[in-house]
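Step one of this worksheet: look at the structure below.
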Amino acid sequence: MAGFKSGKTPLVKVDEFCRKFNLPNLLVKDESKNPFGTWKDRRSEVIIKKAKDELVNKLCIITSGNAGFSLAKFANESDIKTVSIVDLNLSPTIKQVLEETCTKVIEANLSEKILESKEIIAVARENDKEVIWDSTNGFHEAYESIIEELEKNNPDYLVCPVGSGEAFVGLFNGLQKTKLETKLIGITPESNPSFADKLHTPWTPYSKNIQSILEAGHKIIKLSEDEIHLAFVYAKKFMDCEPSSAVVVGALSKLNFKESDRVVIINSGKGLI
């Protein structure tokens, strides 16, 4: 793990965003500055460390690109193999990038069938002696480090993209541990599938956790496809992002913040393409 280290990403002021949304205290937590351009690098680093400790031979993951690529890049510094399971409709360009990085890429019709963990492991298995982990979900603690890095700034609001909710849950747990009173606002598409393709998830094990977080006074809001397209066209002029990370910019005009509010938005990454 000597070569790659996630986290400690910059917190930057984008003057154009501050002017446009009349938020002089708006900052961007720029996760595109992680080693492979995504906040998924935080979870990849945690997964590989744990997998090495447990003598795991192979990691498998359902991915639309970023998580599988990041995991494979971190794993490539070890003897751990990685298998990415992707939807049949995944962009051929992204699939090619994964094929060049992962040990193996397996296509499946993920829109019609939700694969259980045991099924994910079964399709990745080559022999009975392999120790295999499904790393698709379950590593939300990796995102708590973002809160640790924001603790001294003590924002009033933290705005992040929401897909499966893994990061959303991790951020909330981080707020609980640091005792910050920051309100967490998640942004997700109205439509699935969406132009913000990394936020598409037909099923998530975090549903109950998310509901509890919302009941605690935090919120998730949805953007239309038009809003996401417009947000991406605008946001990419000022930050290195993809549609799924640009949603946080698209939501700013809908959130009725006060001029004095300290707001941090998370640019979750720039994507593979």
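Laboratory data are not the source of any read-out in this text; all were calculated from the coordinates shown. If you're wondering where the values come from, they're calculated on a predicted model, not measured in any experiment. Backbone-built Cβ (ideal geometry, glycine too); neighbour counts: all protein chains shown.
Numbers at a glance
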item	result
Residues Leu255 and Ser224, FRET efficiency given R0 of 22 Å [Cβ-Cβ distance, rounded to 0.05]	0.90
Two-site label geometry, Lys8 and Leu214: point separation in nm, points 7 Å out along Cα→Cβ	3.8 nm
Rounded tilt (10° steps) of 225-235 against the dominant C-alpha axis of the chain	80 degrees
The chain - mean residue ellipticity at 222 nm from DSSP helices (-39,500 (n - 2.57) per run, n ≥ 4, rounded to 500)	-10000 deg cm²/dmol
The stretch 226-259 versus the stretch 166-184: alpha-carbon centroid distance in Å	22 Å
Neighbour net charge for Lys104 - beta-carbon separation under 13 angstrom, K R +1, D E -1	-1
Dipole magnitude of the chain about its Cα centre (Cβ charges: Lys, Arg +1; Asp, Glu -1), debye to nearest 20	560 debye
Net charge contributed by nearby residues that have their C-beta within less than 14 Å of Leu214 (K/R +1, D/E -1)	+3
Cut-off under 5 Å, modelled amide H: who pairs with Ile62 long-range	Ile85, Thr136
Charge tally in the Cβ shell below 15 Å around Lys29, where Lys, Arg are +1 and Asp, Glu are -1, Lys29 excluded	-1
Fewest-first ranking of Leu180, Leu150, using other Cβ atoms within 10 Å as the exposure measure	Leu180, Leu150
Förster-model FRET efficiency, 22 Å R0, Glu99 and Glu54, C-beta, rounded to 0.05	0.25
Cα-Cα separations in the chain greater than 26 Å, expressed as whole percent	39 percent
Gained length - Glu149 relative to Asn22, 0.36 nm times residue gap less alpha-carbon distance	43.2 nm
Crossing angle, helix 40-53 versus the chain [Cα axis fit, 0-90 degrees, rounded to tens]	40 degrees
Overall Cα dimensions of the stretch 48-129, principal axis frame, Å, largest first	35, 25, 19
Residues with amide H under 5 Å from that of Glu107, placed H, sequence gap 5 or more	Val86
Cut-off under 5 Å, modelled amide H: who pairs with Thr9 long-range	none
Quotient of Cα Rg and 2.2 N^0.38 Å for the stretch 1-54, N being how many residues it contains	1.54
Farthest positive-ward along the chain dipole, Cα basis, beta-carbon charges - from Ser260, Phe168, Ile106	Ser260
